[in-house]
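Participant: The structure is given below, and queries will be raised subsequently.
The values are calculated or read from the model by the stated rules, or taken from the named source; none is laboratory data. All values reported here derive from a predicted model rather than from experimental measurement. Note that we place each Cβ from the backbone using ideal geometry, even for glycine, and neighbour counts take in every protein chain shown.
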Amino acid sequence: MSNKDLNYIDIHCHYDDLSISQLKEEFNGEIQTSVCAAVSFNSFEKLEILRKEKIPNLYFAYGLFPDVILEYSLEECLSQLSKMDFSHAIAIGEIGIDYKITKDPEKRKEQRIIFEKQLEIAKANDLPAIIHTRYATKSILEILEPYSGFPIILHWYAGSKDEIQTALDRGYYLTIRFNKPIIPNIKDHLDQIFIETDYPVPFEGNPLKVSDIQKSYETFAKENDINLEYLKEKMNNNFNKLFLKK
């Protein structure tokens, strides 16, 4: 297979609000691979319907987004996790810590409990964890420090230079969305990088299309002076290493 035959891999997106007909119309599995992340139990149920369509090169990550703790009690969140079937997931996500919206100290403690519970699920199932962090870059590194034995993917991790270096030194993977956030010496770290769209979350005020993963690659390649086909090869190698090792 030549590099031109390699897919554009969108490591992080959300398709649960697309109908099956919309997704089949917009998603081209011949040139694109996507990992759809759940954010709630309702999201998980919607993605399970999509998964059963067996669309080629469409994969799924299941988990609870940090701010669900504002909608449900700790007990309800734990109950929802117990009802999720992770046997068809290739990752646990989107999970993490978010202090922008969750400000109450007690709710933050509960958010951490839910996060750590899902890290244990990732470890028990030998699955990568796709992690969201906002206003909590230092906290996420502290929480993750004792965990090992499964891959960590920090989704759009906008930490300080030192925090980014700590994540890389630990072997974590970082995701890039249209060349952001900026990672120092990025060419030296392509073995720990994935590219995403976070569809349908707008980028700089502009709505996205499912196929905009290609633009995300092209923007990253151009602004870092990296050959596009070489970039695709590196991203496919990273994906195969983490997700298709079994």
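Participant: With (1) in contact (Cβ under 8 Å) with a residue 24 or more places away in the chain; (2) closer than 24 Å to Leu242 by Cα; (3) over 15 Å from the mean Cα position of the chain (by Cα) as the list, and Asp67 as the residue in question, which single condition is left unmet?
Facilitator: Of the numbered conditions (1) in contact (Cβ under 8 Å) with a residue 24 or more places away in the chain; (2) closer than 24 Å to Leu242 by Cα; (3) over 15 Å from the mean Cα position of the chain (by Cα), the odd one out for Asp67 is (2).
Participant: In contact with a Ser or Thr (Cβ under 7 Å, 6 or more places away or on another chain), farther than 21 Å from Glu48 by Cα and of a type in the set (D, E, K, R): which single residue out of Arg134, Arg112, Arg108 fits that description?
Facilitator: Just one listed residue meets the conditions, Arg108.
Participant: Confirm whether Lys232 is surrounded by 12 or more Cβ atoms within 10 Å (Cβ to Cβ) and in contact (Cβ under 8 Å) with a residue 60 or more places away in the chain.
Facilitator: On the way: surrounded by 12 or more Cβ atoms within 10 Å (Cβ to Cβ): yes; in contact (Cβ under 8 Å) with a residue 60 or more places away in the chain: yes.
For Lys232, the condition - surrounded by 12 or more Cβ atoms within 10 Å (Cβ to Cβ) and in contact (Cβ under 8 Å) with a residue 60 or more places away in the chain - is met.
Participant: In addition: Taking the stretch 98-116, which residues are of a type in the set (Val, Ile, Thr) and surrounded by fewer than 15 Cβ atoms within 10 Å (Cβ to Cβ)?
Facilitator: Start the filter on the stretch 98-116 by keeping residues that are of a type in the set (Val, Ile, Thr), which leaves 101-102, 113-114.
Answer for the stretch 98-116, where residues must be of a type in the set (Val, Ile, Thr) and surrounded by fewer than 15 Cβ atoms within 10 Å (Cβ to Cβ): Ile101, Ile113.
Participant: Which residue out of Leu64, Leu50, Leu58, Leu70 is surrounded by 15 or more Cβ atoms within 10 Å (Cβ to Cβ) and either more than 23 Å from Ile176 (Cα to Cα) or of a type in the set (Val, Ile, Thr) (or both)? Please lay out each step first, then the result.
Facilitator: Working: Leu64 fails: either more than 23 Å from Ile176 (Cα to Cα) or of a type in the set (Val, Ile, Thr) (or both); Leu58 fails: either more than 23 Å from Ile176 (Cα to Cα) or of a type in the set (Val, Ile, Thr) (or both); Leu70 fails: surrounded by 15 or more Cβ atoms within 10 Å (Cβ to Cβ).
Only one candidate passes the filter, namely Leu50.
Participant: While we're on this one: Looking at the stretch 161-173, can you tell me whether even one residue there is modelled with pLDDT under 95 and within 15 Å of the chain's Cα centre (by Cα)?
Facilitator: Looking for residues that are modelled with pLDDT under 95 and within 15 Å of the chain's Cα centre (by Cα), one finds none in the stretch 161-173, hence no.
Participant: Could you tell me whether Asn240 is closer than 30 Å to Ser87 by Cα, surrounded by fewer than 16 Cβ atoms within 10 Å (Cβ to Cβ) and under 16 Å from the mean Cα position of the chain (by Cα)?
Facilitator: On the way: closer than 30 Å to Ser87 by Cα: yes; surrounded by fewer than 16 Cβ atoms within 10 Å (Cβ to Cβ): yes; under 16 Å from the mean Cα position of the chain (by Cα): yes.
Here the answer is yes, as Asn240 does meet what is asked.
Participant: Determine, yes or no, whether Asn57 is at positive phi and either in contact with a Phe, Trp or Tyr (Cβ under 7 Å, 6 or more places away or on another chain) or of a type outside the set (Asp, Glu) (or both). Lay out the reasoning, then the answer.
Facilitator: Working: at positive phi: yes; either in contact with a Phe, Trp or Tyr (Cβ under 7 Å, 6 or more places away or on another chain) or of a type outside the set (Asp, Glu) (or both): yes.
Yes; evaluated as a whole, the condition is true for this residue.
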